[in-house]
Amino acid sequence: MPAVTRWFIKSALAYLAVALLLALILALPNSVQLPDFIRFMNPAYFHLFLVGWVTQMIFGVIYWMFPIITRARPRGSETLAWVCYGLLNAGLLLRVIGEPLTSVRPEPGFGWLLALSAVLQWLAALLFVTLAWPRVKDRYRGE
């Protein structure tokens with residue numbers, strides 16, 4: 001199993017644990033006083049779950065298990081895979097910080113965190129498509 005796959009999968013498992021813990025905290029009754037920053041983390045919870053857990057698990061398994069391209073470079077550029085991993089996680093962490101921050105302090109200037117987060121995650125997705133696309137081959141040439 002490639003190292004980048006292990007990092008994708010281990011990160012996915014860590015994000016699953018964090019997302020479920022956050023879901024538990026957010027489900028506490030209103031009588032429990034939560035800091036405003038935590039109270040506004042509902043959108044961040046969804047991102048932790050869908051991008052952190054589901055997307056990273058899918059990326060890791062696809063990078064590992066899809067058909068090889070060539071024997072010399074079976075999965076394509078490993079550097080590109082690491083850049084994808086870094087961009088996806090940087091974007092996710094910016095989202096987790098930026099989402100509640102823009103709700104608690106809706107001042108001009110904090111919105112750029114969410115925009116930058118979205119751009120980083122979008123770039124990661126484009127890189128992943130670039131990695132995975134050549135590995136999806138037609139079974140028979142000429143079909």
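Assorted remarks:
Conditions tested, residue by residue: (1) within 19 Å of LEU16 (Cα to Cα); (2) assigned to a loop (DSSP other than H, G, I, E, B); (3) small (Gly, Ala, Ser).
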position	(1), (2), (3)
PHE46	yes, no, no
GLY60	yes, no, yes
ARG73	no, yes, no
LEU80	no, no, no
GLY98	no, no, yes
SER117	no, no, yes
ALA132	no, no, yes
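- Checking every residue in the range 102-116 against the condition of being within 11 Å of the chain's Cα centre (by Cα) and not aliphatic (A, V, I, L, M) gives zero matches.
- Every pair of residues 6+ apart whose Cβ atoms lie under 9 Å, when the first sits in the range 115-139 and is over 23 Å from PRO100 (Cβ atoms) while the second is of a type in the set (S, T, N, Q) and surrounded by fewer than 16 Cβ atoms within 10 Å (Cβ to Cβ): THR130/SER77; LEU131/SER77
- Residue check for LEU16: buried (at least 17 other Cβ atoms within 10 Å of the Cβ) and modelled with pLDDT of 95 or more: yes
- Meets criteria (surrounded by fewer than 17 Cβ atoms within 10 Å (Cβ to Cβ) and small (Gly, Ala, Ser)) for SER77: yes
- Answer residue from the range 63-74, given it is open to solvent by 40 Å² or more (accessible area, probe 1.4 Å) and touching a residue at least 24 places away in the same chain (Cβ under 8 Å) and is nearest to the chain's Cα centre (by Cα) among those: TRP64
- Complete set of residues in the range 53-79 that are under 17 Å from LEU123 (Cα atoms), in contact with a Ser or Thr (Cβ under 7 Å, 6 or more places away or on another chain) and at pLDDT below 95: GLY60, TYR63
The values are calculated or read from the model by the stated rules, or taken from the named source; none is laboratory data. As the structure is a computational prediction, the values presented were derived from the model and not from experiment. With ideal geometry, Cβ positions are generated from the backbone for all residues, glycine too; neighbour counts draw on all protein chains shown. All accessible areas refer to the heavy atoms of the entire protein, side chains included, with ligands and DNA or RNA removed. Shrake-Rupley method; radii C 1.70, N 1.55, O 1.52, S 1.80 Å.
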